[in-house]
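All remarks here apply to the structure that follows.
The values are calculated or read from the model by the stated rules, or taken from the named source; none is laboratory data. The structure presented is a predicted model; accordingly, all values stated were derived computationally and were not measured. Neighbour counts run over all protein chains shown; Cβ positions are idealised from the backbone, glycine included. Each accessible area value is taken on the protein alone, full model and side chains, heavy atoms only, with ligands, DNA and RNA left out. Shrake-Rupley method; radii C 1.70, N 1.55, O 1.52, S 1.80 Å.
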Amino acid sequence: MSDDSTVSLKGSCFCGALAYEVKGKPVLSAYCHCTNCQRLTGCPFIHSLHYLDANFSWAENVSEESYDRFIIPEKSWKSRLRCKVCGVAVAGYNIKTDRWSIWAPHLERDDSGKIKHYDLVKPTAHIFYETRLLDINDSVGKWVGYEGTSDKCA
Ligand SMILES: [Zn+2]
Ligand SMILES: [Zn+2]
């Protein structure tokens with residue numbers, strides 16, 4: 001068995017120009033049904049992962065010139081970083097919590113198409129479930145807000 005804290009995963013935008021690496025276990029891994037994620041991704045929900053700043057790094061070829069920064073209007077402490085070439089937002093940064101937010105579909109896959117080290121990054125909850133666009137019939141817990149700090153949905 002490998003030591004979780006040393007496992008690293010690579011991710012990138014559609015074209016690959018904006019690439020990053022995350023290390024160890026995420027501090028949050030959940031299917032997010034919030035309206036911000038819905039509007040930013042165009043998807044009904046998205047598998048979202050949070051990492052501490054110390055465990056997130058851009059690839060060597062990435063510089064400030066590689067991305068545009070979109071600051072969420074009502075949440076000035078949160079920004080989304082978007083590839084200048086293909087336009088895909090690959091990461092968000094929260095200056096209040098010093099955490100990075102990434103979306104699992106951008107992570108590298110193994111030969112069978114599964115996200116590498118999936119057990120380490122698999123979702124533990126559905127969050128902001130009340131604003132869902134579809135009902136999910138799985139055994140994963142459903143929360144009004146964040147897992148553990150909000151009410152659980154029925
Ligand atoms: Zn790109
Ligand atoms: Zn969200």
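Can residue 7 be described as aliphatic (A, V, I, L, M), buried (at least 19 other Cβ atoms within 10 Å of the Cβ) and closer than 26 Å to residue 126 by Cβ?
no
Might you let me know whether region 113-126 holds any residue that is within 16 Å of ligand 1 (Cβ to nearest atom), open to solvent by 40 Å² or more (accessible area, probe 1.4 Å) and outside any strand (DSSP E or B)?
Scanning region 113-126 turns up no residue that is within 16 Å of ligand 1 (Cβ to nearest atom), open to solvent by 40 Å² or more (accessible area, probe 1.4 Å) and outside any strand (DSSP E or B).
Residue 81 passes all but one of (1) part of a strand (DSSP E or B); (2) open to solvent by 30 Å² or more (accessible area, probe 1.4 Å); (3) touching a helix residue (DSSP H, G or I) at 6+ places or on another chain (Cβ under 9 Å); which number fails?
Evaluating residue 81 over (1) part of a strand (DSSP E or B); (2) open to solvent by 30 Å² or more (accessible area, probe 1.4 Å); (3) touching a helix residue (DSSP H, G or I) at 6+ places or on another chain (Cβ under 9 Å) leaves (2) as the failure.
Which of the residues that make up region 59-81 are in contact (Cβ under 8 Å) with a residue 40 or more places away in the chain and either in contact with a Ser or Thr (Cβ under 8 Å, 6 or more places away or on another chain) or away from ligand 2 (no atom under 15 Å from the Cβ) (or both)?
The answer is 59, 61, 62, 66, 67, 81.
Tell me which residues, restricted to region 118-154, are within 16 Å of ligand 2 (Cβ to nearest atom) and hydroxyl-bearing (Ser, Thr, Tyr).
Selection gives 124, 129, 131, 146, 149, 150.
Using the structure shown, decide if residue 48 is surrounded by 12 or more Cβ atoms within 10 Å (Cβ to Cβ) and either away from ligand 2 (no atom under 14 Å from the Cβ) or on the phi > 0 side of the Ramachandran plot (or both).
No.
Within region 10-34, take every residue that is open to solvent by 70 Å² or more (accessible area, probe 1.4 Å) and in contact with an Asp or Glu (Cβ under 8 Å, 6 or more places away or on another chain) and give me the one that is farthest from ligand 2 (Cβ to nearest atom).
Only one residue tops the list, namely 10.
How many of the residues making up region 131-151 are free of Cβ contacts under 8 Å to residues at least 12 places away in the same chain, hydroxyl-bearing (Ser, Thr, Tyr) and closer than 13 Å to residue 31 by Cβ?
Counting residues in region 131-151 that are free of Cβ contacts under 8 Å to residues at least 12 places away in the same chain, hydroxyl-bearing (Ser, Thr, Tyr) and closer than 13 Å to residue 31 by Cβ gives 1.
When you check residue 67 against the structure, is it of a type in the set (Ser, Thr, Tyr) and either within 16 Å of ligand 1 (Cβ to nearest atom) or open to solvent by less than 20 Å² (accessible area, probe 1.4 Å) (or both), yes or no?
Yes; evaluated as a whole, the condition is true for this residue.
For region 82-117, give me each residue that is among the charged types (D, E, K, R) and either within 16 Å of ligand 2 (Cβ to nearest atom) or over 19 Å from residue 39 (Cα atoms) (or both).
84, 96, 98, 99, 108, 109, 110, 111, 114, 116
With respect to residue 57, is the statement that it is hydroxyl-bearing (Ser, Thr, Tyr), open to solvent by 30 Å² or more (accessible area, probe 1.4 Å) and either within 16 Å of ligand 1 (Cβ to nearest atom) or out of contact with any strand residue (DSSP E or B) (no Cβ under 8 Å at 6 or more places or on another chain) (or both) true?
When the stated conditions are applied, residue 57 does not pass them.
Mind counting the residues in region 25-77 that are in contact with a Pro (Cβ under 7 Å, 6 or more places away or on another chain) and assigned to a helix (DSSP H, G or I)?
Counting residues in region 25-77 that are in contact with a Pro (Cβ under 7 Å, 6 or more places away or on another chain) and assigned to a helix (DSSP H, G or I) gives 1.
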